[in-house]
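The values are calculated or read from the model by the stated rules, or taken from the named source; none is laboratory data. Given the structure is predicted, the values throughout are model-derived calculations rather than measurements. In this analysis, Cβ positions are derived from the backbone assuming ideal geometry, glycine residues included, and neighbour counts consider all displayed protein chains.
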Amino acid sequence: MAVPSDGGMFPSLSPEDASDAAMDAYSRVVSSVAESLTPHVAALQVSAGRGRGRLIGAGSAVLFTGDGFMLTNAHVVAGATAGVASFTDGTEAEIDVIGSDPLSDLAVIRGRGTTPPPATFGDAATLRVGQLVVAVGNPLGLAGSVTAGVVSAVGRSLPTRAGRAGRMVEDVIQTDAALNPGSSGGALADSAGRVVGINTAVAGVGLGLAVPVNATTRRIIGSLLRDGRVRRAYLGLVSTPAPLPAPIAERTGQRNALRVVDVVAGSPADRAGLKAGDLVLSAGRRPVAEAQSLQRLLFGDAVDVPLPMTVLRNGAMVDVIAMPTELPATG
């Protein structure tokens, strides 16, 4: 223990002791989150066929209501007709798949009978790079496993596919908290124990990805609870972010737009007159600068509703009206 040079009576911590104290504080946070969150995360085994059927996969799920509804990954329950959720207090519940959305990699399941109380959900929009996060799940069949790390990056994109339809899951969280097979569908929580993500993929050593819990996620959950699927609108264009010419950027105050790479023949975009090479500046009278900006507008309530779009074509602003149709349901 170091003593101030003035011989005062108030000793200060040595660098070694200060490091130990910081580690203790870190450990206390992780332990607190683990203690509060672990009871609400289930180890999930899913099967195909009658009864408990043939085991086809395993993962994790997070309780989000008091009557047994849980959130997991769509790929965890893909092809499943039955399953069992097991909790750390010894509770087991057979589950039903309520709805699944492969294009967001989210699914809602429900446990029959009594289940523990729900976890508290937060908002991934508040996350900052470097922030402590804790992952709870069922990696490699080891129920109730806890790992910790930091938010390595936010705003990542995760490509998903269902049948011929492809989509980017927006604002994906990247973390170095260790994730392994079976972690999928588990919780990623902040230091207050609020669930801010659903762990979805292991992209490499020290590189895990989680679908964020945010306004879009809540909209998807609501659709899955209500309809068992997510209705989406379809335009039929392929685009990529691109910078606007300097004079246009200065005039509009917008630096980037979406360059149309391809337009599907006969699609709503084609019928609206959109062409490869167009720069889409706005849709629904909102600026668009990335694919996610457009995707946010293309939920079920946009089907058969006129969508005004402004594009830059050959140096001139052109206004078009597209009429999105419904994206066919995919399994």
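Here are the numbers:
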{"item": "Residue match in the stretch 167-175 (condition: modelled with pLDDT under 85, out of contact with any Pro (no Cβ under 6 Å at 6 or more places or on another chain) and loosely packed, with under 15 Cβ neighbours inside 10 Å)", "result": "no"}
{"item": "Residue match in the stretch 122-132 (condition: modelled with pLDDT of 95 or more and touching a helix residue (DSSP H, G or I) at 6+ places or on another chain (Cβ under 7 Å))", "result": "yes"}
{"item": "Residues within the stretch 133-145 that are modelled with pLDDT under 95 and touching a Ser or Thr at 6+ places or on another chain (Cβ under 9 Å), tallied", "result": "7"}
{"item": "Flag for Ala210 being in contact with a Leu (Cβ under 6 Å, 6 or more places away or on another chain), assigned to a strand (DSSP E or B) and either in the same structural domain as Val288 (by TED's automatic domain parsing) or at pLDDT below 90 (or both)", "result": "no"}
{"item": "Residues of the stretch 308-331 that turn out to be in contact (Cβ under 8 Å) with a residue 60 or more places away in the chain and either among the charged types (D, E, K, R) or outside any loop (DSSP other than H, G, I, E, B) (or both), as a count", "result": "4"}
{"item": "Subset of the stretch 253-285 (residues that are in a loop (DSSP other than H, G, I, E, B), of a type in the set (A, V, I, L, M, F, W, C) and closer than 22 Å to Glu326 by Cα)", "result": "Val264, Ala265, Ala272, Leu274"}
{"item": "Positions within the stretch 206-222 being under 14 Å from Gly99 (Cβ atoms) and either small (Gly, Ala, Ser) or under 10 Å from the mean Cα position of the chain (by Cα) (or both), in sequence order", "result": "Thr217, Gly222"}
{"item": "Number of the exception - Arg251 against (1) without any contact (Cβ under 8 Å) to a residue 12 or more places away in the chain; (2) under 15 Å from the mean Cα position of the chain (by Cα)", "result": "(2)"}
{"item": "The stretch 119-142: number of residues that are surrounded by fewer than 19 Cβ atoms within 10 Å (Cβ to Cβ) and within 13 Å of Asn180 (Cα to Cα)", "result": "3"}
{"item": "Candidate set from the stretch 76-86 (those that are out of contact with any Ser or Thr (no Cβ under 7 Å at 6 or more places or on another chain) and in contact (Cβ under 8 Å) with a residue 40 or more places away in the chain); member that is surrounded by the fewest Cβ atoms within 10 Å (Cβ to Cβ)", "result": "Ser86"}
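Okay, residues lined up against (1) in contact with a Lys or Arg (Cβ under 9 Å, 6 or more places away or on another chain); (2) at pLDDT 95 or above:
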position: Pro287; (1), (2): no, no
position: Gln295; (1), (2): yes, no
position: Phe299; (1), (2): yes, no
position: Pro306; (1), (2): no, yes
position: Ala316; (1), (2): no, no
position: Val320; (1), (2): no, yes
position: Thr325; (1), (2): no, no
